[in-house]
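The values are calculated or read from the model by the stated rules, or taken from the named source; none is laboratory data. None of the values given here were measured: they were computed from a predicted structure. Here the Cβ positions follow ideal geometry from the backbone for every residue, glycine too, while neighbour counts run over all protein chains shown.
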């Protein structure tokens with residue numbers, strides 16, 4: 001050690017120098033605390049708009065079978081029913097944006113936001129991972145004269161078809177509207193029903209020309225031969241319906257599905273968003289979840305990461321606004 005070094009070590013410290021050193025030391029002392037901060041280290045809430053036993057609720061709970069192992073923490077479903085997702089969105093809005101509250105949403109939430117019925121703006125929705133992709137299928141009753149997708153399209157060009165769907169301005173309605181435009185048929189007359197069960201009944205009885213349904217909604221009637229699927233509105237054929245053509249088989253870019261996926265609200269730190277995405281994908285990569293997707297007749301490519309899921313959300317929001325405006329349901 002040189003004399004200069006020795007002098008520097010034993011030199012008196014001024015009050016200003018001490019203060020600067022103390023601040024620096026305090027900063028260094030704080031670093032290990034931040035470095036050791038762990039996420040997640042408490043229960044993560046999954047907010048759904050469905051009641052217990054509803055499709056979205058079941059999807060959340062199936063993901064949660066493997067989630068504790070993937071995240072090393074517990075999960076809890078919070079069911080906030082009402083307002084077509086408005087109640088769930090309102091609950092999530094009131095929670096800290098720290099990653100401990102995530103939502104499992106459907107397109108219905110986006111339609112609610114479009115119509116100004118939610119406390120959340122669309123740009124606050126941050127996709128984490130898609131959970132299900134349930135293609136919509138055009139089906140007819142066994143006594144229908146329509147035997148194929150090409151016959152369906154030809155009939156739709158000749159006159160407006162009566163299509164059984166859920167609520168006006170809902171996901172089914174927008175799918176029918178989009179398909180008609182892309183297939184070059186006359187805009188159908190949409191007949192609204194309370195749910196898939198009622199659509200099936202009215203399709204079988206011939207009260208509507210066509211029903212737009214998910215496979216699980218009509219599985220037993222399809223297997224019994226009471227309902228005949230004609231066209232799957234997807235890029236690929238559906239596993240349980242290998243003989244039913246996809247829209248892409250007919251050269252149509254007309255993919256419409258009922259989708260569910262996990263989102264957070266804007267403000268969650270990026271590193272936590274990444275942890276949530278990775279953990280959700282791992283949880284949904286488990287055998288139990290894979291079996292759920294397969295047995296419920298959904299696309300085997302249902303699970304997707306942030307990039308693809310966010311792109312799908314963005315596309316639906318843009319196309320949905322255009323469709324609602326064209327239908328006179330949105331100013």
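So in the stretch 112-137, with the set limited to residues that are touching a helix residue (DSSP H, G or I) at 6+ places or on another chain (Cβ under 9 Å) and assigned to a helix (DSSP H, G or I), which one is nearest to residue 208 (Cα to Cα)?
Just the residues of the stretch 112-137 that are touching a helix residue (DSSP H, G or I) at 6+ places or on another chain (Cβ under 9 Å), to begin with: 112-115, 117-122, 124-137.
In the following step, the residues that additionally are assigned to a helix (DSSP H, G or I) were identified as 112-114, 122, 124.
On the way: 112: 27, 113: 31, 114: 29, 122: 35, 124: 39 Å.
The residue in question is 112.
Could you please find all residues in the stretch 87-105 being within 17 Å of residue 54 (Cα to Cα) and surrounded by fewer than 23 Cβ atoms within 10 Å (Cβ to Cβ)? Walk me through it before giving the result.
The first filter runs over the stretch 87-105 and keeps only residues within 17 Å of residue 54 (Cα to Cα), leaving 87-88, 103-105.
Result: 87, single match.
Return the residue satisfying two criteria in turn: it lies in the stretch 10-51 and is under 22 Å from residue 129 (Cα atoms) and modelled with pLDDT under 95, and of such residues it is surrounded by the fewest Cβ atoms within 10 Å (Cβ to Cβ). Even if it seems obvious, please write down each step before you answer.
To start, the set of residues in the stretch 10-51 that are under 22 Å from residue 129 (Cα atoms) comprises 38-51.
Still in the running and modelled with pLDDT under 95: 38, 50-51.
Working: 38: 8, 50: 22, 51: 12.
Ranking the qualifying residues of the stretch 10-51, first place goes to 38.
Taking the conditions exactly as written (in contact (Cβ under 8 Å) with a residue 24 or more places away in the chain, surrounded by fewer than 20 Cβ atoms within 10 Å (Cβ to Cβ) and either touching a strand residue (DSSP E or B) at 6+ places or on another chain (Cβ under 8 Å) or within 29 Å of residue 223 (Cα to Cα) (or both)), does residue 184 satisfy them or not? Quick ask: steps written out before the conclusion?
Details: in contact (Cβ under 8 Å) with a residue 24 or more places away in the chain: yes; surrounded by fewer than 20 Cβ atoms within 10 Å (Cβ to Cβ): yes; either touching a strand residue (DSSP E or B) at 6+ places or on another chain (Cβ under 8 Å) or within 29 Å of residue 223 (Cα to Cα) (or both): no.
Spelling it out, it is not the case that residue 184 is in contact (Cβ under 8 Å) with a residue 24 or more places away in the chain, surrounded by fewer than 20 Cβ atoms within 10 Å (Cβ to Cβ) and either touching a strand residue (DSSP E or B) at 6+ places or on another chain (Cβ under 8 Å) or within 29 Å of residue 223 (Cα to Cα) (or both).
Matching residues to (1) more than 30 Å from residue 38 (Cβ to Cβ); (2) touching a helix residue (DSSP H, G or I) at 6+ places or on another chain (Cβ under 8 Å); (3) surrounded by fewer than 18 Cβ atoms within 10 Å (Cβ to Cβ):
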{"residue": "283", "(1), (2), (3)": "no, yes, no"}
{"residue": "287", "(1), (2), (3)": "no, no, yes"}
{"residue": "290", "(1), (2), (3)": "no, no, yes"}
{"residue": "293", "(1), (2), (3)": "yes, no, no"}
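Going residue by residue through the stretch 258-276, is there one that turns out to be at pLDDT below 95 and in contact with a strand residue (DSSP E or B) (Cβ under 9 Å, 6 or more places away or on another chain)? Steps first, answer last, please.
If we filter the stretch 258-276 for residues that are at pLDDT below 95, which is where we start, we get 258.
Checking which are in contact with a strand residue (DSSP E or B) (Cβ under 9 Å, 6 or more places away or on another chain) leaves us with 258.
Yes: one or more hits.
Are any residues in the stretch 184-209 in contact with a helix residue (DSSP H, G or I) (Cβ under 7 Å, 6 or more places away or on another chain) and within 21 Å of residue 157 (Cα to Cα), and if so, which ones?
Within the stretch 184-209, 184, 185, 186, 187, 188, 190, 208 qualify.
Go through the stretch 208-218 and give me each residue that's over 14 Å from residue 244 (Cα atoms) and part of a helix (DSSP H, G or I).
Within the stretch 208-218, 216, 217, 218 qualify.
Identify, please: which residue in the stretch 152-172 is without any contact (Cβ under 8 Å) to a residue 40 or more places away in the chain and either closer than 20 Å to residue 248 by Cα or buried (at least 24 other Cβ atoms within 10 Å of the Cβ) (or both) and is, among those, nearest to the chain's Cα centre (by Cα)? First the steps, then the outcome.
Of the stretch 152-172, the ones without any contact (Cβ under 8 Å) to a residue 40 or more places away in the chain are 154, 156-160, 166-167.
Now narrow it down to the ones that are either closer than 20 Å to residue 248 by Cα or buried (at least 24 other Cβ atoms within 10 Å of the Cβ) (or both): 154, 156-157.
Values: 154: 33, 156: 30, 157: 33 Å.
Looking at residues that are without any contact (Cβ under 8 Å) to a residue 40 or more places away in the chain and either closer than 20 Å to residue 248 by Cα or buried (at least 24 other Cβ atoms within 10 Å of the Cβ) (or both), I get 156.
If only one of 176, 140, 163 is assigned to a helix (DSSP H, G or I) and within 20 Å of residue 217 (Cβ to Cβ), which one is it? Can you show your working first?
Values: 140 fails: assigned to a helix (DSSP H, G or I); 163 fails: assigned to a helix (DSSP H, G or I).
Of the residues listed, the single one that is assigned to a helix (DSSP H, G or I) and within 20 Å of residue 217 (Cβ to Cβ) is 176.
Working only within the stretch 311-326, note down all residues that are over 14 Å from residue 133 (Cα atoms) and either part of a loop (DSSP other than H, G, I, E, B) or in contact (Cβ under 8 Å) with a residue 12 or more places away in the chain (or both).
317, 319, 320, 321, 323, 324, 326
With the checklist (1) in contact with a helix residue (DSSP H, G or I) (Cβ under 9 Å, 6 or more places away or on another chain); (2) assigned to a helix (DSSP H, G or I) in hand, flag the one item residue 228 doesn't pass.
For residue 228, the exception is condition (2).
Which one is surrounded by the fewest Cβ atoms within 10 Å (Cβ to Cβ), of the residues in the stretch 121-151 that are over 19 Å from residue 243 (Cβ atoms) and more than 16 Å from the chain's Cα centre (by Cα)?
Of everything passing the filter in the stretch 121-151, 145 is surrounded by the fewest Cβ atoms within 10 Å (Cβ to Cβ).
Return the residue satisfying two criteria in turn: it lies in the stretch 52-65 and is in a loop (DSSP other than H, G, I, E, B) and modelled with pLDDT under 95, and of such residues it is surrounded by the most Cβ atoms within 10 Å (Cβ to Cβ). Working first, answer last.
Taking the stretch 52-65 and keeping what is in a loop (DSSP other than H, G, I, E, B), we get 52-54, 64-65.
Filter once more, so that each one left must be modelled with pLDDT under 95: 52-54.
Details: 52: 11, 53: 9, 54: 14.
Once the filter is applied, the top-ranked residue is 54.
Filter the stretch 237-274 down to the residues that are surrounded by 16 or more Cβ atoms within 10 Å (Cβ to Cβ) and assigned to a helix (DSSP H, G or I) and list them by number.
Within the stretch 237-274, the first condition is being surrounded by 16 or more Cβ atoms within 10 Å (Cβ to Cβ), and the residues that meet it are 237-238, 240-241, 244-248, 252, 254-265, 268, 272-273.
Within the stretch 237-274, 248, 272, 273 qualify.
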